[in-house]
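The values are calculated or read from the model by the stated rules, or taken from the named source; none is laboratory data. Nothing here was measured: the structure is a model prediction, and the numbers come from that model. Quick reminder, even Gly has a Cβ in these numbers, built from the backbone with ideal geometry, and neighbours come from all protein chains shown. With ligands, DNA and RNA removed, areas are computed over all heavy atoms of the protein, side chains included. Shrake-Rupley method; radii C 1.70, N 1.55, O 1.52, S 1.80 Å.
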Amino acid sequence: MKAVTFYPSNAERGIPTHMATIFLVDPQTGTPLAIMDGRLITEMRTAAVSAAATKLLAPSDAKILAILGSGVQAHSHVEALRLVRQFEEIRVWSHTREHAERFAKEIVAKVTSAEEAVRGADVVVTATNSKSQC
């Protein structure tokens with residue numbers, strides 16, 4: 001079982017806004033076997049699914065990756081996608097320009113508008129919880 005909670009005010013505290021806990025139980029008896037922090041597991045699993053889909057569905061010569069977002073999922077996606085494709089260019093957009101610039105510097109990418117990021121991109125990742133239009 002997995003429980004996920006969202007605490008937007010955690011951003012002001014410098015801690016993750018999404019918390020997750022995974023409870024492993026014996027399927028026959030329901031006896032608790034483990035309680036695990038689910039944030040990292042969720043982060044890795046989500047990016048791994050995207051990487052598997054990219055490996056199977058994206059052209060083998062895909063060269064341009066667009067990332068919309070600059071948070072935890074954006075980071076894990078870049079890491080996972082680099083395992084299945086050799087991108088020559090990564091474009092980043094984030095609702096907060098400062099976050100986009102910091103993320104782009106970390107992964108050696110170019111900060112663009114959302115439209116510029118996706119135009120002509122071979123693979124597009126939407127990893128943002130922004131509720132506004134780009």
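Of the residues screened, residue 4 is not one that is modelled with pLDDT of 95 or more and not aromatic (Phe, Trp, Tyr). You will find that of 113, 76, the residue that is over 16 Å from the mean Cα position of the chain (by Cα), modelled with pLDDT of 95 or more and closer than 15 Å to residue 128 by Cα is 113 and no other. Remark: pairs (first residue in segment 35-58, closer than 16 Å to residue 79 by Cα; second residue open to solvent by 100 Å² or more (accessible area, probe 1.4 Å); Cβ separation under 7 Å; 6+ apart in sequence or on different chains) = 47/79; 51/83.
Listed by position, the strands (runs of 3 or more DSSP E) inside segment 1-89 whose residues that are over 19 Å from residue 106 (Cβ atoms) and open to solvent by less than 50 Å² (accessible area, probe 1.4 Å) number at least 1 are 2-6, 18-25, 32-37.
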